[in-house]
1. Can you give me the distance in nm between label points at VAL99 and ALA21, each placed 7 Å from the Cα along the Cα-to-Cβ direction?
2. Using amide H atoms built 1.01 Å from N in the peptide plane, name the residues 5+ places from LEU87, or on other chains, whose amide H lies under 5 Å from its own.
3. Taking the chain as a Gaussian network, where each spring joins two C-alpha atoms under 10 Å apart, which residue of ALA21, ALA54, ALA115 fluctuates the most?
4. Over the chain, what percent of the accessible surface lies on carbon and sulfur atoms, probe 1.4 Å?
5. Given charges of +1 on the Cβ of Lys and Arg and -1 on the Cβ of Asp and Glu, with all other atoms neutral, how large is the dipole of the chain about its Cα centre, in debye to the nearest 20?
6. Grab the Cα-Cα distance for ALA118 and ASP136, subtract it from 0.36 nm times how many residues apart they are, and report the gain in nm with one decimal.
7. Can you tell which of SER7, LEU68, GLN33 lies farthest toward the positive end of the dipole of the chain, using +1 and -1 charges on the Cβ of basic and acidic side chains (Lys, Arg; Asp, Glu)?
8. Can you list the HN-Hα couplings for the stretch 68-76, worked out from phi with the Karplus curve (6.51, -1.76, 1.60; θ = phi - 60°), rounded to whole Hz and with x for Gly and Pro?
Amino acid sequence: MNNHENSIKHGLFNMGDLNVALQQYFTGNSYHQSLVKDPQVNVTVSNVSFEPGARTNWHIHHDGYQILLVTGGEGWYQEAGQPAQRLHPGDVVVTHDGVKHWHGATKNSRFSHIAITAGTHEWLEPVSDADYQSLD
Ligand code: MN
């Protein structure tokens with residue numbers, strides 16, 4: 001099975017470093033590279049990559065929104081109370097203010113997206129292994 005390791009490690013945007021700052025809010029390993037460092041821009045634009053099985057905790061974007069531009073591998077996006085959506089390169093996801101959700105890799109593939117984020121994060125509980133493992 002192709003876990004997309006090579007294409008994500010050598011993707012269009014630099015994969016960046018192990019995301020130590022947010023590790024407490026993620027399950028598994030993720031990598032982060034800030035792509036815009038301009039004080040006149042009030043959104044963050046980041047390349048975020050996940051190892052197979054890695055995902056964010058459930059979280060909410062407040063006073064803003066998030067746009068995910070999927071750039072590599074295979075992943076999941078789920079809003080609370082909705083079925084998980086499988087994501088592929090080229091997919092675009094918009095998360096509105098106040099919506100509880102998570103995103104991350106599939107069990108067997110790395111996953112990468114550009115995240116454009118305005119506002120603040122509220123970090124919630126991890127996505128349980130039982131819920132995650134039930135996804136196919
Ligand atoms: Mn999010």
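The values are calculated or read from the model by the stated rules, or taken from the named source; none is laboratory data. What you see is a predicted model, and the numbers here were worked out from it, not measured in a lab. Here Cβ is always computed from backbone atoms with ideal geometry, including for glycine, and neighbour counts include all displayed protein chains. Keep in mind that these areas ignore ligands, DNA and RNA; they rest on the heavy atoms of the full protein, side chains included. Shrake-Rupley method; radii C 1.70, N 1.55, O 1.52, S 1.80 Å.
1. According to this spin-label approximation, the distance is 2.5 nm.
2. For LEU87, whose amide H was placed from the backbone, the distant partners under 5 Å are GLY75, TRP76, TYR77.
3. ALA21
4. Answer for the chain is 50 percent, counting heavy atoms of protein chains only.
5. 280 debye
6. Full extension of this stretch gives 3.4 nm more.
7. SER7
8. Result, rounded to whole Hz: 10, 10, 7, 10, x, x, 9, x, 10.
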